[in-house]
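Presented below is the structure to which this report refers.
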Amino acid sequence: MSASLTLLVLASVLFAVGLYVMMERNLTRILLGFLLVGNGVNIFIFLMSGRPGSAPITPDSGDAAGLADPVPQVFILTAIVINFGITAFLLALIYRSWWLAQLGEDGDTVLSDQDEDDEDSAQVFEQAHDDDEAIQEALDASDDDDDTPATSTPPHPTDAASVPEAGDRP
Amino acid sequence: MTWLVPLVVILPLLGAAATLVVSRNRRLQILLSVGMLTIVTLVSIALLVIVDAGGTLAVQVGGWAAPWGITLVVDRLSAIMLVISALMLLGVLVYSVGQGIADGDQETPLSIFHPSYLVLAAGLFNVFIAGDLFNLYVGFEMLLAASYVLLTLGSTGVRIRAGTTYIIVSLVSSVFFLGAIALVYGATGTVNLAQLSERLGELPGDVQLLLHAALLIGFAVKAAVYPVSFWLPDSYPTAPAPVTAVFAGLLTKVGVYAILRTETLLFPGGQLSQVLLWVALLTLLVGILGAVAQADIKRLLSFTLVSHIGYMIFGIALASLSGLTATVFYVVHHITVQTTLFLVTGLIERIGGTTSINRLAGLLKAAPLISILFFIPALNLGGIPPFSGFIGKVGLFLAGSEQGGWLVWVVIAAGAVTSLLTLYALMRVWNMVFWRGKSELEGYTSPMLESLQETDEATIGKVQSTTPRLMVGTTIVMVCLTVSLTFCAGPLMDLAGRAAADLLDPSSYLTAVLGGGNG
């Protein structure tokens with residue numbers, strides 16, 4: 001079996017660098033190391049397919065001479081797909097652990113849907129309450145000062161602070 | 001009847017897809033996954049009957065002939081593993097459904113839990129029926145990817161931390177395994193197990209040794225044997241109880257199964273059996289010494305899990321008929337007992353609110369049923385006669401004494417010590433958690449104990465009635481299963497003997513895969 005020296009060197013370098021990077025305590029680096037090592041192994045499998053040849057599509061005569069070995073290519077394709085899936089999962093894991101690191105103690109309090117709904121509706125009520133207040137104050141202001149039409153100081157729903165200003169003007 | 005073979009992989013995968021589609025409808029999801037696993041259990045029992053009567057079944061997927069296509073093989077060992085793991089998966093699934101219904105799915109969010117659980121099952125079954133190394137790798141990856149999801153379920157801080165260790169160790173071992181496959185292919189030009197078993201023997205000794213060691217290292221990490229076992233006790237205990245139970249029972253046995261195949265089909269002749277004996281010795285002792293030092297039931301059980309893998313490695317290293325017979329029997333026994341113990345621990349955690357033995361007391365009075373459920377498998381694991389643990393260990397020791405040699409005797413002695421220490425560790429749990437009165441506990445009160453103190457002595461068994469019936473019921477069934485292993489030990493040992501004979505004489509395997517004369 002003949003093997004390409006370039007590919008062999010490439011595979012070993014990928015392997016060495018990947019393992020070195022994986023030694024770090026940083027999850028992102030571990031992911032990078034895993035990718036490097038995974039590619040190194042893929043090239044290693046490719047090396048095992050022996051001498052290169054033409055595309056492995058056998059003619060009807062069944063003459064297989066001079067064709068590349070298709071089996072390692074199948075392995076590599078499968079391994080790439082698996083690595084892809086695992087990488088996606090690791091990225092999610094890294095994101096989650098970063099998130100936990102940012103939040104500290106609060107990171108573990110996972111809100112259920114019920115809690116989130118409650119929180120949302122509480123916020124909506126609060127806003128609605130603010131709006132009512134603002135409208136009420138705007139109406140009061142317009143009562144105090146008949147010259148100013150109520151429409152000229154439209155109560156801003158989110159910025160209640162602007163309304164007392166209108167009321168203070170007279 | 002070969003059409004039954006692929007079903008064990010296809011059905012769980014279809015089930016996984018279906019449960020994902022109907023993830024909004026929890027009832028339907030539960031129905032689907034329980035139904036699928038029930039069918040798979042029936043199929044594997046049918047396979048066991050067929051294979052035991054009529055010999056090894058082989059399926060060439062897609063009609064591609066053996067060395068090129070994907071081959072699925074079911075021999076007696078595969079069939080035994082299929083049946084026992086399908087039973088365990090089904091039992092634990094029902095338990096987790098019970099827990100999910102009771103807890104409002106806090107611990108096991110159903111929408112992800114069921115699909116990943118079924119993918120895990122499909123991966124497991126795929127490993128057991130894989131007829132070539134690469135399919136074995138794919139099966140491993142399927143079950144590992146699913147196990148990553150299950151282990152980090154809910155992604156709380158603790159689980160992410162534990163999961164990270166597990167995932168990285170698994171990734172590295174998978175890469176090693178893939179590299180080993182590349183080496184094997186480079187040396188022999190095939191990955192078909194049957195063809196490998198013919199070609200590997202023709203290779204020069206040093207190449208054989210390299211391939212042998214490369215494969216074993218990959219599998220050893222998965223089986224958690226001594227030098228590469230330290231990831232296990234750190235990662236298993238944090239997962240939800242049903243997940244831990246499945247992992248403890250089945251995932252390590254997948255590694256043991258792969259080692260068993262490697263040692264019998266690929267590299268017969270026990271080239272590395274001295275190494276394996278040393279590994280078995282150290283696994284037994286280091287594991288059990290770790291268990292003795294633990295104060296948390298889940299961690300303690302994880303360490304006994306590591307330790308008892310040593311028994312199986314010991315049987316494999318003996319490579320004799322009696323040794324392999326006892327190993328197959330021990331694998332079956334250990335899968336059921338370890339799974340059951342973790343399920344009972346889940347019940348203890350529900351009642352006591354913790355699994356630390358320093359913080360639990362008086363459970364015997366509060367929950368007598370659960371005490372019994374813990375006591376029986378605990379004695380079984382410790383190897384008290386007449387339970388199956390005793391039978392398995394005696395089988396292994398007898399097989400070792402036939403072989404002789406100082407190292408074998410040392411391992412037998414270590415096995416006996418391990419058995420005693422297992423008993424010691426589990427009885428410590430029994431004394432602290434169940435036996436001692438709640439008054440002996442100082443400085444900590446669990447919710448259970450508070451409720452006991454309020455109502456005092458009058459309500460024995462009140463706490464127990466608050467645990468979901470489905471969980472307790474499943475656990476009772478599992479405990480009955482472990483006990484039934486003892487009653488069926490004779491037929492089971494015979495079956496294991498036939499499986500071991502198949503392993504030692506791979507001719508039926510080769511004929512089934514490669515066909516009559518063209519091998």
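The values are calculated or read from the model by the stated rules, or taken from the named source; none is laboratory data. Being a predicted model, the structure only gives us computed values, none of them experimental. As a convention, Cβ positions derive from the backbone with ideal geometry for all residues, glycine included, and neighbour counts pool all protein chains shown.
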Condition check for B:Ala66: in a loop (DSSP other than H, G, I, E, B), of a type outside the set (Phe, Trp, Tyr) and in contact (Cβ under 8 Å) with a residue 60 or more places away in the chain: yes
B:Thr459 modelled with pLDDT under 85 and either within 13 Å of B:Val344 (Cα to Cα) or not aromatic (Phe, Trp, Tyr) (or both): yes
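How many of the residues making up region B:348-365 are outside any loop (DSSP other than H, G, I, E, B) and surrounded by fewer than 24 Cβ atoms within 10 Å (Cβ to Cβ)?
The qualifying residues number 6.
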Of all residues in region B:186-200 being out of contact with any Lys or Arg (no Cβ under 9 Å at 6 or more places or on another chain) and in contact (Cβ under 8 Å) with a residue 12 or more places away in the chain, the one that is farthest from B:Val172 (Cα to Cα): B:Glu198
Candidate set from region A:37-64 (those that are modelled with pLDDT under 75 and among the polar types (S, T, N, Q)); member that is farthest from A:Leu19 (Cα to Cα): A:Ser61
Residue satisfying condition, being within 21 Å of B:Phe113 (Cα to Cα) and small (Gly, Ala, Ser), within set B:Gly131, B:Gly218, B:Gly205, B:Gly154: B:Gly154
Subset of region B:157-169 (residues that are β-branched (Val, Ile, Thr), farther than 15 Å from B:Thr244 by Cβ and facing chain A (nearest Cβ under 8 Å)): B:Ile160, B:Thr164, B:Ile167, B:Ile168
Boolean, B:Phe177 is of a type outside the set (A, V, I, L, M) and more than 8 Å from chain A (Cβ to nearest Cβ): yes
Residue tally, condition over 20 Å from B:Ile70 (Cα atoms) and of a type in the set (Asp, Glu), over region B:192-220: 2
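Within 23 Å of the chain's Cα centre (by Cα) and either surrounded by fewer than 18 Cβ atoms within 10 Å (Cβ to Cβ) or modelled with pLDDT under 90 (or both), is that true of B:Gln274?
no
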So B:Val256, is it in contact with a helix residue (DSSP H, G or I) (Cβ under 7 Å, 6 or more places away or on another chain), at pLDDT 90 or above and closer than 11 Å to B:Ile309 by Cα: yes
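Taking helices (runs of 4 or more DSSP H) that do not extend beyond region B:140-258, which have at least 2 residues that are surrounded by fewer than 23 Cβ atoms within 10 Å (Cβ to Cβ) and among the aromatic types (Phe, Trp, Tyr)?
Numbers: elements: B:157-188, B:193-199, B:205-223, B:232-235, B:241-246.
Ranges flagged: B:157-188.
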Verdict on B:Tyr95 being within 11 Å of chain A (Cβ to nearest Cβ), part of a helix (DSSP H, G or I) and not aliphatic (A, V, I, L, M): no
Residue match in region A:73-93 (condition: surrounded by fewer than 14 Cβ atoms within 10 Å (Cβ to Cβ), away from chain B (no Cβ under 13 Å) and either over 22 Å from B:Val169 (Cβ atoms) or at pLDDT below 85 (or both)): no
Complete set of residues in region B:53-83 that are buried (at least 16 other Cβ atoms within 10 Å of the Cβ) and among the β-branched types (Val, Ile, Thr): B:Thr56, B:Val59, B:Ile70, B:Thr71, B:Val73, B:Val74, B:Ile80, B:Val83
Complete set of residues in region B:134-150 that are within 17 Å of the chain's Cα centre (by Cα), more than 7 Å from chain A (Cβ to nearest Cβ) and either under 13 Å from B:Leu171 (Cβ atoms) or not hydrophobic (A, V, I, L, M, F, W, C) (or both): B:Gly139, B:Phe140, B:Leu144, B:Ser147
Neighbours by Cβ (under 8 Å, 6+ apart or cross-chain): first from region B:1-28, more than 18 Å from B:Val83 (Cβ to Cβ); second at pLDDT 90 or above and among the aromatic types (Phe, Trp, Tyr): none
Breaking point among (1) polar (S, T, N, Q); (2) closer than 16 Å to B:Thr482 by Cβ; (3) exposed (fewer than 14 other Cβ atoms within 10 Å of the Cβ), for B:Asn431: (2)
